[in-house]
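Just below is one structure, and these are the notes that go with it.
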Ligand code: DGY
């Protein structure tokens, strides 16, 4: 890359070109709507040069919030037919159409960064006072609707909700979900090489689950009682945990004595008490749990490292994870592979089964920094920079060759690069 200023210019251009007037598509055609965690990460990029636009990204996402507090994984602001499954397949009957699941709730942590980094403090205070009650409702939805038995570990019902769609962590649990019984035409493989996307039999099951949610009338309790797929995703749990701590800190520093704060604090302690259930001493790693099979999902992925980001690992556990992480980084030229390269499910170019994702590297680097793993943190940052310098702003990268994969001119890759190291 010629210079950081050329790289910043290119990244800003991507955000401008993907801007639909208030919300940013991840990339045109492949993902033509607003996605939940993409929007949060993308706001970080906007904030570096247009704070009003950064706040607007969050406001547009929250337009899709459900009455029960859920912030959906996709908000279908406009009709576009280059994507499948669109709003009719999801079947949510709301004036602003959305999906019926959520996504890793990094939103409150991003709002904290936007607020603390704001130079326009009046604007930031005004936006925060509108956004905070919505964030609180969102977090309470996770803790109540997704953990109705107050175990301290929220449940996820769909691989798309984890953001890590075809991660090998979900293979066994998803294989027990029946395939959908109607035919359909995928659109993703019109835009991207199918070798870089999930398999058809995974899509068949993704769609079965959409029908199941509709059949349950999107009723949280009925879904909890009957879902054929129930996962304690260590990724979501850790991101939620960190975001709840950030949310509490935002409320306290704004002098807000909200009645919900004690409950949120209780939820923080409940997760800290319960998290040891997801520690697997044999692999020296936290793992997700399949609640239907009542067993840990035996795949070591970047999702499992989110425990560092959420500061859920004890110092002794973190020391063990550090050894795993060193080995993991050394196994591929470009880190950090989304699935540990020693896994027999590892594929260097297929979506969440091996490729490197820039925003995930950033979250993991925040985690390793908290545990004072200085060299590892630097290594992750350097390899992220090298990927961008060599290949530009792709959705993800082949961890062996560095080749850009998936969608090109991708918003969260551009946003992460500007915010984190450019
Ligand atoms: C997709 O369509 O591939 C998305 O990841 C779903 O969120």
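The values are calculated or read from the model by the stated rules, or taken from the named source; none is laboratory data. Small disclaimer: the values here were computed from a predicted structure and weren't measured. Virtual Cβ from ideal backbone geometry, glycine too; neighbours counted across all protein chains shown.
List of remarks:
- Listed conditions (1) in contact (Cβ under 8 Å) with a residue 60 or more places away in the chain; (2) more than 17 Å from the chain's Cα centre (by Cα); (3) more than 16 Å from the ligand (Cβ to nearest atom); (4) not in a loop (DSSP other than H, G, I, E, B) are all met by residue 190, apart from (3).
- Applying the criterion of at least 3 residues that are within 20 Å of residue 360 (Cβ to Cβ) and within 14 Å of the ligand (Cβ to nearest atom) to the helices (runs of 4 or more DSSP H) found wholly in the range 1-81 leaves 36-47.
- Any hit, the range 114-135, residues being touching a helix residue (DSSP H, G or I) at 6+ places or on another chain (Cβ under 8 Å), within 16 Å of the ligand (Cβ to nearest atom) and at pLDDT 95 or above: no
- The one condition in (1) buried (at least 23 other Cβ atoms within 10 Å of the Cβ); (2) away from the ligand (no atom under 14 Å from the Cβ); (3) in a loop (DSSP other than H, G, I, E, B) that residue 149 fails to fulfil: (1)
- Qualifying residue in the range 82-102 (condition: under 22 Å from residue 128 (Cβ atoms) and within 15 Å of the ligand (Cβ to nearest atom)): yes
- Only residues that are closer than 11 Å to residue 358 by Cα and part of a loop (DSSP other than H, G, I, E, B) were counted across the range 370-413, and they come to 4.
- Residues satisfying the stated conditions in the range 284-294, i.e. surrounded by fewer than 24 Cβ atoms within 10 Å (Cβ to Cβ) and out of contact with any strand residue (DSSP E or B) (no Cβ under 7 Å at 6 or more places or on another chain): 284, 292, 293, 294
- Residue 170 vs. criteria within 10 Å of the ligand (Cβ to nearest atom), within 16 Å of residue 204 (Cα to Cα) and surrounded by 15 or more Cβ atoms within 10 Å (Cβ to Cβ): no
- Figure legend. Inter-residue proximity from the range 100-122: first residues crowded, with 20+ Cβ neighbours inside 10 Å, second residues at pLDDT below 95 and not in a helix (DSSP H, G or I), beta-carbon distance below 9 Å, spacing 6+ or different chains. Indicated pairs: 115/254.
- Residue match in the range 301-323 (condition: closer than 13 Å to residue 154 by Cβ, out of contact with any strand residue (DSSP E or B) (no Cβ under 8 Å at 6 or more places or on another chain), modelled with pLDDT of 95 or more and not in a helix (DSSP H, G or I)): yes
- In the condition set (1) touching a residue at least 12 places away in the same chain (Cβ under 8 Å); (2) closer than 18 Å to residue 409 by Cα, residue 21 is compliant with all but (1).
- All of (1) surrounded by 15 or more Cβ atoms within 10 Å (Cβ to Cβ); (2) over 30 Å from residue 108 (Cβ atoms); (3) within 14 Å of the ligand (Cβ to nearest atom) hold for residue 162 with one exception: (2).
- Qualifying residue in the range 213-220 (condition: within 15 Å of the ligand (Cβ to nearest atom), farther than 17 Å from residue 233 by Cα, buried (at least 19 other Cβ atoms within 10 Å of the Cβ) and under 23 Å from the mean Cα position of the chain (by Cα)): yes
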